[in-house]
Amino acid sequence: MAKALGDPLRLRILDVVRRSEEPVCQCELIALFDIRQSLLSHHMKRLVDARLIDVERRHKWAYYSVSTDAFQELTSWLS
């Protein structure tokens, strides 16, 4: 988990997804951070593998939300 959060962009992505009440579309993250889709996929894979982010596929788009269990674990780990 700590290794996944070792990149500043991943922290910023996690913060955006955490603050959203609805799952965030990958298209929104690409536009927000002005990055290529391949770079976003790389970072999201790290966050998903660390179980910090959940992914839901809707047609050709991926929507991301915070994994509540992992986020609670992270919060207790940081306290």
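A short reminder: the numbers here are calculations on the coordinates, not readings from a lab. Not measured: the values here are computed from a predicted model. Glycine also receives a Cβ, built like all others from the backbone with ideal geometry; neighbour counts cover every protein chain displayed.
Relative contact order of region 1-54: 44 percent, from C-alpha pairs under 8 Å at least 6 residues apart in sequence.
Take each peptide in 40-47, 8-15, count the other Cβ atoms within 10 Å of every residue, and average; sorted highest first, the result is 40-47, 8-15.
Please grab the % of Cα pairs in region 4-78 that end up more than 17 Å from each other. Every Cα pair in region 4-78 considered, those over 17 Å come to 36 percent. Dividing the helix sum by the residues of the chain, where each DSSP H run of 4 or more adds -39500 (n - 2.57), gives a mean residue ellipticity at 222 nm of -17000 deg cm²/dmol. Shown is the FRET efficiency for SER38 and ALA2, computed with R0 = 25 Å from the Cβ-Cβ distance and rounded to the nearest 0.05: 0.55. May I ask you to list the trypsin sites (Lys or Arg not before Pro) in region 50-79 that are in a DSSP loop and have at most 11 other Cβ atoms within 10 Å of their Cβ? Passing sites in region 50-79 are LYS60.
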